[in-house]
Amino acid sequence: MKILWLCNIMLPKIAESEGMEAGNKEGWLTGLSDEILRRKELHMELAVCFPVGKECLPENGILKGTCEGLSYYGFYEDVANAEIYDSRIEEILRKIIEEVKPDMVHIFGTEYPHTLAMTRVFPDKDKILIGLQGICGECGKAYMADLPEKIQNRYLFRDLVKRDNIRIQQKKFLLRGKNEEEALKLAGHIAGRTEWDKEIAVKINPDATYHVLRETLRAPFYDKEWNPEEIEKHSIFLSQGDYPLKGLHYLLWALPELLTKYPDTKVYVAGNIITNYKTLMQKIKIGSYGKYCLDLIRKGKLEERIVFLGKLSALQMRERYLKSHVFLCPSSLENSPNSVGEAMLLGMPVVSSNVGGVPSLLEDGKEGLLYPAGDTKAMIQAIDILFSDEEKALRLGRAARERAKVTHNGDANLKALMQIYEQIVNGRKPT
């Protein structure tokens, strides 16, 4: 069986083999590919293709190589403008398909135009599997996350230069959603992991076969457990907060109230730092959402309460989870955020907005605490419960860990994936 993967990024181990900087995103795919290639009894050949920058490409336009038994192919795509469809990608992907001659193609995610390009050029639509991650069209609808209208529409210097304010960013998500919808309509098979994404998939393409395929997370999150004796009390961890959908501003709205009861509260935010405003260049580059968050921090006198950590490795992320009192996911929409799964695997108490596929990950009151999206009072009440009741925080965290060990069980998920591949390649319907 020969499988071609289409991924959104160059896998970290491939980047390392090419002497390039390895990103932290989608590192779990390296573990999955390693496991597939390690198990010789699967009799599977695996190839992977992905977008890269022009500077990485040879004259023929395709970066080719082999890394630990994994064949790989890089092609150019302007991922910074993912709402723009470039039909030239089709010809490149057609060349890769002709060389690999796969029995099927597995596309990870719908966020970029290469997904639509692959569904257009792959000759047998019944051999296409699209794995849902986020769903761009729905994210576009939820993008504003209750921001004040004047913030949605304003332009700072950076926004004027890049023609990219918050409102335009939302439109880009919606445009990406149109490409996404066409791709899903062309695919014979769709893999998801929540009741919410199943409902969306069936609505878009009722003729496709929907498969349940849960994700195996990054290896470091399986071998440690949260301990309330080792945490920084009254600390909150967010895995990212660099655009409105992720909901950082909700916490900034509510934090002054929480500080009246817990004045030592500290918030740690991983990911891109969007509030830098010290140098002239930082002031020029700051976007409207970053400036809005900065203004909220200044207005609430929160400068000593918020720590922006920047991009973290998997190990650094794990240590931040383990040191924090509560993990918070305040997004206006999520499907099944890996950050929530990672916190659950570590046995950490989780507070999350009750949106999208999150209820498929954890049960409110049993494995974490959910609150209505945008309800900042309910958010603070949930955090307060976990800050004040160590026994409950520990009980919820342990229950979450047991749930996550099933949801993110590597062996079970690999077995499910192999069954899906066999069904697609052999033309069988799932039983």
query = Condition test on K198, is it under 19 Å from the mean Cα position of the chain (by Cα), at pLDDT 95 or above and not assigned by TED's automatic domain parsing to the domain that holds L386?
reply = yes
ask   = Considering the stretch 65-85 alone, what residues qualify as being of a type in the set (D, E, K, R) and surrounded by 14 or more Cβ atoms within 10 Å (Cβ to Cβ)?
value = E77, D78, E83
ask   = Is it true that some residue in the stretch 374-397 is out of contact with any helix residue (DSSP H, G or I) (no Cβ under 7 Å at 6 or more places or on another chain), farther than 27 Å from P263 by Cβ and not hydroxyl-bearing (S, T, Y)?
value = no
ask   = Got a sec? Which of D242, D264, D207 is out of contact with any Gly (no Cβ under 7 Å at 6 or more places or on another chain), acidic (D, E) and closer than 30 Å to K171 by Cα?
value = D207
query = Applying the selection to the stretch 399-415, what residues are buried (at least 16 other Cβ atoms within 10 Å of the Cβ) and in a helix (DSSP H, G or I)?
reply = A399, A400, R401, R403, A404, T407, G410, N413, L414
query = Only one of V48, V52 is within 29 Å of N426 (Cβ to Cβ), surrounded by 17 or more Cβ atoms within 10 Å (Cβ to Cβ) and touching a residue at least 24 places away in the same chain (Cβ under 8 Å); which?
reply = V48
task = Could you list all residues from the stretch 253-273 that are polar (S, T, N, Q) and either at positive phi or at pLDDT 95 or above (or both)?
result = T260, T265
task = Please find, among M104, M1, M10, the residue that is more than 27 Å from Q316 (Cβ to Cβ), modelled with pLDDT of 85 or more and buried (at least 19 other Cβ atoms within 10 Å of the Cβ).
result = M104
key: Pairs, first within 30 Å of R401 (Cβ to Cβ) in the stretch 197-226, second of a type in the set (F, W, Y) and part of a strand (DSSP E or B), C-beta under 7 Å, six or more apart   = K198/Y210; A201/Y210
remark   = Expected output for the stretch 1-20 (first residue free of Cβ contacts under 8 Å to residues at least 60 places away in the same chain, partner in a loop (DSSP other than H, G, I, E, B), Cβ below 6 Å, 6+ apart or cross-chain) is I9/G23; I9/K25; I9/E26; P12/A22; P12/G27; A15/A22; E16/A22
key: Pair list, Cβ under 9 Å, 6 or more apart: the stretch 291-304 residue in the same structural domain as M281 (by TED's automatic domain parsing), other residue in a loop (DSSP other than H, G, I, E, B) and small (G, A, S)   = C293/G241
task = Sort through V355, V351, V326, V307 and tell me the only one that's in the same structural domain as N276 (by TED's automatic domain parsing), without any contact (Cβ under 8 Å) to a residue 40 or more places away in the chain and not charged (D, E, K, R).
result = V351
request  = Kindly indicate which of Q282, Q240 is polar (S, T, N, Q), in a helix (DSSP H, G or I), under 22 Å from I166 (Cβ atoms) and not assigned by TED's automatic domain parsing to the domain that holds L129.
outcome  = Q282
ask   = Within the stretch 187-203, can you find the residues that are crowded, with 18+ Cβ neighbours inside 10 Å and part of a helix (DSSP H, G or I)?
value = W196, D197, K198, I200, A201
ask   = If you go through the stretch 121-153, how many residues are outside any loop (DSSP other than H, G, I, E, B) and surrounded by 17 or more Cβ atoms within 10 Å (Cβ to Cβ)?
value = 14
message = Can you report the number of residues in the stretch 206-243 which are at pLDDT 95 or above and basic (K, R)?
response = 2
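The values are calculated or read from the model by the stated rules, or taken from the named source; none is laboratory data. The structure displayed is predicted, hence computed values, not measured ones. Quick reminder, even Gly has a Cβ in these numbers, built from the backbone with ideal geometry, and neighbours come from all protein chains shown.
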